[in-house]
Structures are given as structure tokens and as C-alpha cells.
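Q: Here you go, one structure.
The values are calculated or read from the model by the stated rules, or taken from the named source; none is laboratory data. The shown structure was predicted, so the numbers you read here are calculated from the model rather than taken from an experiment. Note that each Cβ is placed from the backbone with ideal geometry, even for glycine, and that neighbours are counted across all protein chains shown. Remember, those area values only see protein heavy atoms, side chains included, never the ligands or the DNA or RNA. Shrake-Rupley method; radii C 1.70, N 1.55, O 1.52, S 1.80 Å.
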Amino acid sequence: MASSTKYIFITGGVTSSLGKGIIAASLAKLLQSRGFSVTIQKFDPYLNIDPGTLNPYEHGECYVTEDGAETDLDLGHYERFLNVSTTQDNNVTTGRIYNNVITKERKGEYLGKTVQVIPHITDEIKSNFYKLGESGKYDVIITEIGGCVGDIESLPFIEAVRQVRWDLGSNNFLVVHLTLIPYLSAAKELKTKPTQHSVKQLLEAGIQPDILVCRTEHHLPMDVKKKLALFCNVQLNCVIEAMDAESIYDVPLLMKKEKLDERVMAKLKLSTKTNTELEQWKDFLGRLKNPTQEVQIGLIGKYVSLPDAYKSIIESFTHAGAALECKVNLHLISSEEINKDNVEKKLEGLDGILVAPGFGERGLEGKIETVKFARTKGLPFLGICLGMQVAVIEFARNILGLEKANSTEMDPNTPDPVIALMEEQKNIVQMGGTMRLGSYPCELTKGTKSFTAYGKVRINERHRHRYEFNDKYLKPMEKHGMIAAGINPDTNLVEIVELKNHPFFVGTQFHPEYRSTVLNAHPLFLRFIKATIDNKTSDI
Ligand code: GLN
């Protein structure tokens, strides 16, 4: 296959959670800063068609793209680092590959052949590897292979990578292997053996890694690097040290210092197009690390024991905080632990409150008490998706006096379904990929806080939900001070609610956190932090 697009594959060894996504995003950032158009795709070895049906405790947050794909949270890192959108094609699972192959088999497309892992599954994987490259838009495509080498389920992906080398030729193909060099404190030694073994496994599969990126808590001395180079069959200058970083946003600069981008470019015969030296990125880091003020924000949700479940929200606070030179101290508080009697104590000392997205009844009452607290104490509040729905329920119950108001998700028989299913959702039986997903337009009402935040009328934001604000209740709500600040111009659905007489009380049916990036902090998060700073200083 003749190709002008260069393909970089990133595999992982020794253990999971080494941060392949961050290394992939950092390398992509460095190449982007040298003028290349880069995208990243992730291939996940599990059998779910996408992570949309996974419990956040299993796999962290489900990220949503503009075009409505429910994806691995690493795609969030790719977008936040690169400031470019990803699509349905940027995340592929084993489940999707098998589904495609089985669908073709049922259609008779294999013309009577026995359908097998090799070549049919591997061919399907390869055609998905190449899909984004076919657009001709990218100079470089980085493919992250989920899991660890040696896992049974990633074998077909590894085999497909082996075959790709021969399709593309060695100037267009490169494998970066991310590995761990553990430190044994009793022996005061860094150990290379686990890496030697994981590389051996790759070699057994027919893949010679070109570059080793070595996660370590201590600097790698030259003798350790030499040993790794010798036993793993890589050039000495391709053994790259990746020390633990203070922030994920330091990693691109650390990798630049270690010359990861230069090694990659030399191997792929690429020369720099334009060099931006990452000025804006450094400016962001400077602000992040030198805050002039700080605020305490409560993130109230039911998945708080696994912060990865709120990855994009947490990162949005980092971006907005840095832009305002404000350290955002996030306090993750379980909504299940909050009740009428302890709410004041639990939320004491907070300058602002975010009620998180979520599903199901568990922790709902705690969220309602939290919203009431923010509303009555004049504390800046941002409610996202379920957080917005809860704000509506709280208002209906405590201001309109509709005691049993609820979402039909929680109580299908509520007499006051202030949040309810849309008509087109009513007959859906299949759970996967059937929510309202992806980007939809919204028109903001002039004079609202949301309008001030965005500074324009027409916006687009990403969605992931089934239930909606029930229009029937809009008039009485508006009469009592909860207004629709944003409406979908095509369907008239309420997308944002706000309280009129409050320093900052905004609930969004969409997820602003999916669009916040390092270089473009999200306007609503910026405004929310600004309101908490103002509110805090007015209290003194
Ligand atoms: N469970 C709610 C719905 O489906 C909210 C979803 C969310 O917060 N992402 O509408």
C-alpha cells in the first residue's frame, strides 16, 4: 500500500495504567507544534461495541465526540491536548470489529470462505487502522493499542500491527513501546527485567519496537539505558526516560527534552514544517503553576470514589483555573452521603458547587439537598446534565410546591414529570448508542449569564442523555425565576436553565466539559470560576 501518511503505533507492556494515552497525546502535540497534521485513534480490546454501556466504575468516564460517538476517555485527552475534534472512527473496539465481520458474513460477503481471526478479523482491524488516513487530511496517525502485550484479547490487534509494517514500509511505520522500570527500594535498584520480558513478547509476535518509553520514578542511569538497548534490541538514543510528572500537561515538554519527537521524525524521515516551540502551551503551564488566588469547589456525584469517572470535568476546571490564574481545589463529595441534616456540614467552606452528570436514583436526594443549599445560600452553581435535571426538580418541589415532582427516570409514576422522556426515546429497547448523543445547536437568550459567558447567541454543545426538560412546566418556572437561557432552535427543547436572582446558577442539559481544551478553556467553566472568585471576595 503506497501511503504518504505516517503511522505510529503505541503498545504497552508490564502493567496497565502507564499513561499510553498521555504519551500518545504528548507525542502528537510535539509533532503538531512542528507543523504536522496529526490525529490519534485508540483500539480497545474489549467486546463491548463501545464504552457507552459500561459502568463508569469499570472504565472511567465515557467521552462523547461531536459526531456522537461514545468513546474511551483517552479521546478526551487527545482533544484537550491537540485542540482538534475526534470522530466515530477514532475509537474502535474488538466488539466493533467482530460485529462488522459477523454482519458481513451474514450478508454473504465472504463468498463461502471459512471466516477466521487471520485473515478476516485482522483485515477488518487493518482497514480500520487506515480509515482516518484515507481522508488524506493527516501527515501522521498515532494508534494507541489498549491493554498490555501478552493479553489474550489484544493478540489480533498485535498481529494486525505486525502485518501493517509490510503494507506500509519501514519509513512510514513505527512502534513505540511504553513500559515500566520499577524501583526496588530494598535493593535500591531500577529493574529492567519486566521490560525485557514484555519486549520479548512483542518480538515473539513478530514486532520489533523502535522506541522504548520507560516510565520511572527515578532517573535512568546510562548503564540501565544501555542494558535496555542491548536486551531489547533498540538504539541507545531510542530508550526514552519518562519520569513521573507533576501534571499531565508537563509531559509534552518532558518528552521534548528527551527528544522523543526528534527520534520519531528521524525514523519516519520527516523534517519540521514550522516550529511553534509550544509557546501557548508554555504560557498555559506558567499560569497553571503560578496561581494568584484559589477557590474551593465541591464536585457532587455518585461515582466520586473513581475520579476518572469525572475526567473531563476535572480537566475543565484545570483549564479554566489556569486561564484565570486561580488554583481550583476540587473536593469530590459523594451525593449518597449528603442528607437534609448534614448538608450544611458536608458543604461547609465551599465557594462553588458542581452537581455532576449521572444515571439512576442512587444519590438523588443528596443532590437535591445540595442544589437547595447552593440556591438558598447564593453559592455559585453549575449543574451538568443530571445536575441540571436535579436543579429543575428541586425548584419544582421547593418553589412551585410540587412535592412529588421528579424525572420519570427516577419515578415513572410521578404526578409532575418535570423531566421526562422525549417521544422518540419512548419505544427504544436497545440500550447501546441510543441516547441523544453528540453536538446539537442551542440559542442563548440575551441578558442571561450564559449569553455573557459565550458572548454570542448561537452555540453547539455535546449531549449524552435520554430525558429532557418538560416544556409544560416552563411558564410557571419562569414566573418564579427559573428561566430557559438556552433553547434548541430546531426542537425547542430547553438546553440551559438559570436562576434570575442569584450570583451564578446555571444548569445545562448538555455537557460543556467535553469541549474544554488547554488552549480554549470552556466559557461556562470560566464564568463559573469567575463567579466563585467574585462571590468569595464579596464575602470578606
Ligand atoms: N440520566 C439522565 C438522562 O439520561 C442524565 C444523563 C447524564 O447526566 N449524562 O437524561
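Q: Condition first: crowded, with 22+ Cβ neighbours inside 10 Å and away from the ligand (no atom under 16 Å from the Cβ). Now tell me which residues in the range 330-343 satisfy that. First the steps, then the outcome.
A: Residues of the range 330-343 crowded, with 22+ Cβ neighbours inside 10 Å: 335, 338.
Ile338 - this is the single residue of the range 330-343 that is crowded, with 22+ Cβ neighbours inside 10 Å and away from the ligand (no atom under 16 Å from the Cβ).
Q: For the structure I just gave you, tell me whether Met435 is open to solvent by 40 Å² or more (accessible area, probe 1.4 Å), within 23 Å of the chain's Cα centre (by Cα) and within 16 Å of the ligand (Cβ to nearest atom). Even if it seems obvious, please write down each step before you answer.
A: On the way: open to solvent by 40 Å² or more (accessible area, probe 1.4 Å): no; within 23 Å of the chain's Cα centre (by Cα): yes; within 16 Å of the ligand (Cβ to nearest atom): yes.
Answer is no for this residue.
Q: If only one of Lys404, Lys346, Lys327 is under 27 Å from the mean Cα position of the chain (by Cα), away from the ligand (no atom under 12 Å from the Cβ) and open to solvent by 30 Å² or more (accessible area, probe 1.4 Å), which one is it? Please lay out each step first, then the result.
A: Working: Lys404 fails: under 27 Å from the mean Cα position of the chain (by Cα); Lys346 fails: under 27 Å from the mean Cα position of the chain (by Cα).
Of the residues listed, the single one that is under 27 Å from the mean Cα position of the chain (by Cα), away from the ligand (no atom under 12 Å from the Cβ) and open to solvent by 30 Å² or more (accessible area, probe 1.4 Å) is Lys327.
Q: Checking Pro441 against (1) within 13 Å of the ligand (Cβ to nearest atom); (2) outside any loop (DSSP other than H, G, I, E, B), which test does it fail?
A: Only one criterion is unmet by Pro441, namely (1).
Q: Checking Lys456 against (1) touching an Asp or Glu at 6+ places or on another chain (Cβ under 9 Å); (2) open to solvent by 60 Å² or more (accessible area, probe 1.4 Å); (3) in a loop (DSSP other than H, G, I, E, B), which single condition isn't satisfied?
A: (1)
Q: Here's another thing I want to ask about it. Being aliphatic (A, V, I, L, M) and in a loop (DSSP other than H, G, I, E, B) is the requirement here; does Leu400 meet it? Give the derivation first.
A: Values: aliphatic (A, V, I, L, M): yes; in a loop (DSSP other than H, G, I, E, B): yes.
Yes, satisfied.
Q: Within the range 134-173, which residues are among the polar types (S, T, N, Q) and over 18 Å from Ser198 (Cα atoms)? Give the derivation first.
A: Just the residues of the range 134-173 that are among the polar types (S, T, N, Q), to begin with: 135, 143, 154, 163, 170-172.
Selection gives Ser135, Thr143, Gln163, Ser170, Asn171, Asn172.
Q: Would you pick out the residues in the range 449-473 that are within 16 Å of the ligand (Cβ to nearest atom) and either of a type in the set (Val, Ile, Thr) or free of Cβ contacts under 8 Å to residues at least 24 places away in the same chain (or both)?
A: Within the range 449-473, Asp471 is the sole residue that qualifies.
Q: When you go through Ile368, Ile399 one by one, which is the residue that is within 25 Å of Tyr57 (Cβ to Cβ) and of a type in the set (Val, Ile, Thr)?
A: On the way: Ile399 fails: within 25 Å of Tyr57 (Cβ to Cβ).
The unique qualifying residue is Ile368.
Q: Okay, moving on. What's the number of the condition Tyr473 fails, among (1) more than 23 Å from Phe528 (Cα to Cα); (2) hydroxyl-bearing (Ser, Thr, Tyr); (3) surrounded by fewer than 21 Cβ atoms within 10 Å (Cβ to Cβ)?
A: Answer for Tyr473: the failing condition is (3).
Q: Here are the criteria: (1) exposed (fewer than 13 other Cβ atoms within 10 Å of the Cβ); (2) without any contact (Cβ under 8 Å) to a residue 40 or more places away in the chain; (3) touching a helix residue (DSSP H, G or I) at 6+ places or on another chain (Cβ under 6 Å). Tell me which single one Arg287 does not satisfy.
A: (1)
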